[in-house]
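The values are calculated or read from the model by the stated rules, or taken from the named source; none is laboratory data. The structure displayed is predicted, hence computed values, not measured ones. Using ideal geometry, Cβ is built from the backbone for each residue, glycine included, and neighbour counts are taken over all protein chains shown.
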Amino acid sequence: MSRRERAAAPTASLFRWCTVGLAGYTAWLVANLLFVAALPVIGVLALADRRREYASLRRAGAAFLRFFFGGYATAIGVLRLAETPGADAAAPGRCVFVANHTSWLDALFALALFPRVRLPVSAAYAELPLLGLIIRWMGCITLDRGSPEALADGLARCRRALAAGEPLFVFPEGRRGSGGAMLQFSDVFFRFAIEEDVPIVPVVMHSDVPLFTRDRGSLLTARRAVWTIRVLGALPRDRRDRASDLRVLAQRAIARELRGLDG
């Protein structure tokens, strides 16, 4: 869907809001209430699991997200995952996954479908009640752009995760675009990949209609959104490559794939 078509996409009808919308948002609310009720048990597990970076909680959280999006949200007609990465593509070992960022759902799909990844997120999300706990226990790394010291600490944690053999999953745009347009990628994580000598693997996040984007009317689409999450091949590397060279290669590869999916 082109930018113009996205802007003109029909909004959901009142009937769809009363059925699909109510079913979807109620289920998400119930899941959060159950999480709150189980907090004492989860807290004990978190203390026992802390040295392993909350590995068991991360697996449980990923399983829930896979069920919610791949099962429940599909059944009620919110979205359908038309293409997702297989086990080999989603877990190639130590690497940096770089993806375009259009929807609030992108990060949740990454946590659900890519095992063991560490996901850098904005520190603003970590300051929200309840969500901050979930972010920490899912192994996310907070980046606070408002504080140079906190930002440096977060980036150092990203580097340590890579050095420890954990893949990073990053959105180099830093924030969501609108109208399906990609923003300029940042060089930071490409530099990390060069310094740690790990592959850079582009990932395409695509939906045929805007869902949870910055576009107006995207909280619920007029029909079920069809999502494609495609892992591309690792970028070819040369010792003379600079971070800016790899950034351009990744952005072009993702943009080319997005054009094909739009067509």
Within region 201-244, restricting to residues that are more than 16 Å from the chain's Cα centre (by Cα) and outside any loop (DSSP other than H, G, I, E, B), the one that is modelled with the lowest pLDDT is 221
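Scan 178, 186 and give me the residue that is closer than 21 Å to residue 124 by Cα, in contact with a Lys or Arg (Cβ under 6 Å, 6 or more places away or on another chain) and not aliphatic (A, V, I, L, M).
Exactly one residue qualifies, and that residue is 178.
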Looking only at residues in region 80-112 that are among the aliphatic types (A, V, I, L, M) and under 21 Å from residue 182 (Cβ atoms), which one is farthest from the chain's Cα centre (by Cα)? 82
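For region 27-38, check the following and say yes or no: at least one residue is part of a helix (DSSP H, G or I), out of contact with any strand residue (DSSP E or B) (no Cβ under 7 Å at 6 or more places or on another chain) and among the β-branched types (Val, Ile, Thr). Working first, answer last.
Narrowing region 27-38 to residues part of a helix (DSSP H, G or I): 27-37.
Now drop any that are not out of contact with any strand residue (DSSP E or B) (no Cβ under 7 Å at 6 or more places or on another chain), which leaves 27-37.
So of that shortlist, the ones also among the β-branched types (Val, Ile, Thr) come out as 30, 36.
For region 27-38, residues part of a helix (DSSP H, G or I), out of contact with any strand residue (DSSP E or B) (no Cβ under 7 Å at 6 or more places or on another chain) and among the β-branched types (Val, Ile, Thr): present.
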Within region 221-243, how many residues turn out to be surrounded by fewer than 20 Cβ atoms within 10 Å (Cβ to Cβ) and closer than 19 Å to residue 77 by Cβ? 5
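Run down 212, 190 and say which single residue is surrounded by 15 or more Cβ atoms within 10 Å (Cβ to Cβ), out of contact with any Cys (no Cβ under 7 Å at 6 or more places or on another chain), under 23 Å from residue 12 (Cα atoms) and of a type in the set (Phe, Trp, Tyr). Spell out how you get there, then give the answer.
Working: 190 fails: under 23 Å from residue 12 (Cα atoms).
After applying the criteria, what remains is 212.
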Can you name every residue in region 210-262 that is out of contact with any Lys or Arg (no Cβ under 6 Å at 6 or more places or on another chain) and within 17 Å of residue 20 (Cα to Cα)? 211, 212, 217, 218, 219, 220, 221, 222, 223, 225
Among the listed residues 116, 58, which satisfies the condition of being touching a Gly at 6+ places or on another chain (Cβ under 7 Å) and under 25 Å from residue 46 (Cβ atoms)? 58
Show me the strands (runs of 3 or more DSSP E) entirely contained within region 96-185 in which 3 or more residues are crowded, with 22+ Cβ neighbours inside 10 Å. 96-99, 168-170
Mind listing whichever residues of region 51-80 are in contact (Cβ under 8 Å) with a residue 60 or more places away in the chain, buried (at least 20 other Cβ atoms within 10 Å of the Cβ) and touching a strand residue (DSSP E or B) at 6+ places or on another chain (Cβ under 6 Å)? 79
